[in-house]
Amino acid sequence: MSSRWCFVNFLLAVFLACSPGAESGLANAADIMTRDEALTALQSPDSALRLDGVDGLARLGQPADAAPLLEALYDADPEVRIHAQSAVWQVWSRSGNPEVDALLKSGIRDMEEGRMGQAVEAFTRITERQPDFAEGWNKRATAYYMIGDYEQSLKDCDEVIKRNPQHFGALSGYGLIYVRRGELERALEYFQRALEINPNLESVEQTIELIRYKLSKDGKQDT
């Protein structure tokens, strides 16, 4: 297997890691909490309470609650950080409209099962029905990337970042697209931006090191 093919496979793994489905396997410890209690718990000096707060927002939080969850990505406790990453995706996947949320889940299922045309159609319906919902654009960007339509995927990433500048998944998506286009320096910029927002993206961190190595080998960047 060529080194280039290994590199592409590695980057695809990064992309999939940054684009999980709408559901995540979080703990059930926060099931009895209200949203306000969860927000309060996030400020606790007790890491167990902060973990309950993160899991409570994963279950009950609204898109506006992404801000404290993004802060929790830098928590001192590694378990809190891991749960916060999943919780961010949970709240980002809530449009406030049950029909749109169901359509998002349907499109994700189509994408996971290889029905890419149906997935694109589902996500397009979301962008038309609720254009301010960033995750509809992000999931369509993912689908376009997976079918090789990088230009359209880039356009959809633009739409995501207009609505959600902190979207580390879309920033990672830019990076992958620019790698596919051979623009490693530009890819590096976007991967670094994603990692600044979410320092827990180990695969992205590894990719940054790999790109830096390739650039330095080509004399394009100092080691």
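Residue 214: which aspartates and glutamates have alpha carbons under 19 Å from its alpha carbon, excluding same-chain residues fewer than 8 sequence positions away?
The qualifying aspartates and glutamates are 183, 185, 189, 202, 205, 222.
Going by average Cβ density within 10 Å per residue, which order do the peptides 87-96, 126-135 take, highest to lowest?
Most protected by this proxy first, the peptides run 87-96, 126-135.
Where the Cα atoms of segment 61-186 are projected onto their three principal axes, how long is each span, largest first, in whole Å?
For segment 61-186, the Cα extents along the three principal axes come out at 41, 40, 27 Å.
Roughly what would the spin-label model give for residue 40 and residue 147, points 7 Å off Cα along C-beta, in nm?
4.9 nm
When a/c is below 1.5 the answer is rounded, else prolate if a/b is larger than b/c, else oblate, so apply that to segment 143-212 with a ≥ b ≥ c taken from the square roots of the Cα gyration tensor eigenvalues.
oblate
Efficiency by 1/(1 + (r/R0)^6): what FRET value for residue 99 and residue 216, r their Cβ-Cβ distance, R0 = 41 Å, to the nearest 0.05?
E(calc), rounded to 0.05, equals 0.20.
Starting from segment 165-211, pick out the chymotrypsin sites (Phe, Trp or Tyr not before Pro) whose DSSP state is loop and whose Cβ has at most 14 other Cβ atoms within 10 Å.
none
Compute the whole-percent fraction of alpha carbon pairs in segment 179-223 spaced more than 15 Å apart.
38 percent
Counting heavy atoms of the protein chains only and a 1.4 Å probe, report the per residue accessible area for segment 139-192 as a whole number of Å².
Roughly 38 Å² per residue, with all protein chains present.
With +1 on each Lys and Arg Cβ and -1 on each Asp and Glu Cβ, how big is the dipole of segment 144-223 about its Cα centre, in debye rounded to the nearest 20?
Taking the Cα centre of segment 144-223 as origin, the dipole is about 100 debye.
Once label points are set 7 Å from the Cα along Cα→Cβ at both residue 209 and residue 112, what is their separation, rounded to one decimal in nm?
Reported label-point gap for residue 209 and residue 112 is 3.1 nm.
Round to the nearest 0.05 the FRET efficiency obtained for residue 67 and residue 124 when R0 = 30 Å and r is the Cβ-Cβ distance.
Numbers: r = 29 Å, r/R0 = 0.96.
With R0 = 30 Å, the Cβ-Cβ based efficiency is 0.55.
The values are calculated or read from the model by the stated rules, or taken from the named source; none is laboratory data. In this text, all values refer to a predicted model and were calculated from it rather than measured experimentally. Cβ sites come from the backbone with ideal geometry, for glycine too, and all protein chains shown count toward neighbours. Ligands, DNA and RNA are excluded from the accessible area calculation, which covers all protein heavy atoms including side chains. Shrake-Rupley method; radii C 1.70, N 1.55, O 1.52, S 1.80 Å.
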